[in-house]
Amino acid sequence: MPKKPTTTKEEMIEGAFQLIRTKGHESLTVRNLAAFLGCSTQPLMYRFPSLEILWEETYRKADAFHTEYLLKGDSLLDIGLRYIRFAEEEPQLFRFLFQTGRFSGLSPEEMIRSPESAGILDAVRTEEGLDPEAAAAFFEPLFAVVHGYASLIANNAVIYDPDAVRRDLVAIAEGLMKGRES
């Protein structure tokens with residue numbers, strides 16, 4: 001009878017999460033994860049018959065981590081700023097979540113309405129007092145700007161300037177509010 005694996009499924013997912021967090025999603029291989037966890041590849045292959053299954057479980061963990069981070073914000077502006085700050089503080093996780101092709105072929109509206117965005121869209125609806133359609137229409141241009149800033153920062157294309165980012169987000173949100181009122 002084969003020996004029962006001593007590394008749990010949860011430890012494997014946590015290890016994959018930490019490996020991606022520190023070394024990037026390109027580093028997630030069975031061999032690299034086994035070395036990171038200090039175990040052989042066999043328990044990993046037993047628990048995760050394909051790397052895609054491990055990738056998906058790790059993605060869910062990273063997405064939950066990201067959502068929890070964002071929703072610590074107490075306003076829509078704070079959530080947007082936290083999204084951008086996350087890209088600066090956790091660039092490897094940001095790239096794993098948003099730059100590995102998971103959302104390829106989706107329109108901005110489809111991305112906003114994806115399950116991963118539900119918590120943020122709910123915050124928009126609640127804070128702005130909007131119905132779901134109006135919340136999505138309000139959020140879409142904000143998301144484009146916030147995600148653009150975050151992507152540039154996560155990829156070291158620009159230096160994070162929190163004051164400039166705050167100023168830009170406030171100006172855009174005010175413009176959207178004025179547009180809604182007319």
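For the stretch 1-68, the relative contact order comes to 35 percent (Cα pairs under 8 Å, sequence separation of at least 6).
Count neighbours as other Cβ atoms within 10 Å of each site's Cβ, and list the trypsin sites (Lys or Arg not before Pro) in the stretch 34-110 that are DSSP loop with at most 15 such neighbours.
Lys72
The apolar share of the surface of the chain, taken as the fraction of accessible area on carbon and sulfur atoms (1.4 Å probe, ligands and nucleic acids excluded), comes to 54 percent. Largest accessible area first, the listed residues Met45, Met12, Met111, Met177 line up as Met45, Met177, Met111, Met12 when surface is computed with a 1.4 Å probe on the assembled protein chains. A 1.4 Å probe run over the chain, with the rest of the protein chains in place, finds 56 Å² accessible per residue.
Find out how many positive minus negative residues lie around Ala144, taking Lys and Arg as positive, Asp and Glu as negative, among other residues whose Cβ is under 15 Å from that of Ala144.
So the surrounding residues net to -3.
From the Cα gyration tensor of the chain, with a ≥ b ≥ c the square roots of its eigenvalues, which class applies: rounded if a/c is under 1.5, or else prolate if a/b is larger than b/c, or else oblate?
The shape class here is prolate.
Net charge around Leu33, counting only other residues with Cβ within less than 15 Å of its Cβ (Lys, Arg = +1; Asp, Glu = -1)? Value of the local net charge: -1. For the stretch 94-102, 3J(HN,Hα) computed residue by residue from phi via the Karplus equation (6.51, -1.76, 1.60; θ = phi - 60°) reads 4, 5, 4, 6, 10, 10, 10, x, 4 Hz, glycine and proline entered as x.
Backbone geometry of the stretch 50-60 corresponds, through the Karplus equation with coefficients 6.51, -1.76 and 1.60 at θ = phi - 60°, to 3J(HN,Hα) couplings of 9, 5, 4, 5, 4, 4, 5, 5, 5, 4, 4 Hz, x marking Gly and Pro.
Just need the relative contact order of the chain here, percent rounded to a whole number, with Cα pairs under 8 Å and 6+ apart. Once normalised by length, the contact order is 21 percent. Count Lys and Arg as plus one, Asp and Glu as minus one, and take only other residues whose Cβ is under 14 Å from that of Gln18; the net charge is then -2.
The values are calculated or read from the model by the stated rules, or taken from the named source; none is laboratory data. Here the structure is a predicted model, which is why all the values come from computation and not from measurement. Cβ coordinates were reconstructed from backbone atoms using ideal geometry, including for glycine residues, and neighbour counts include every protein chain displayed. Keep in mind that these areas ignore ligands, DNA and RNA; they rest on the heavy atoms of the full protein, side chains included. Shrake-Rupley method; radii C 1.70, N 1.55, O 1.52, S 1.80 Å.
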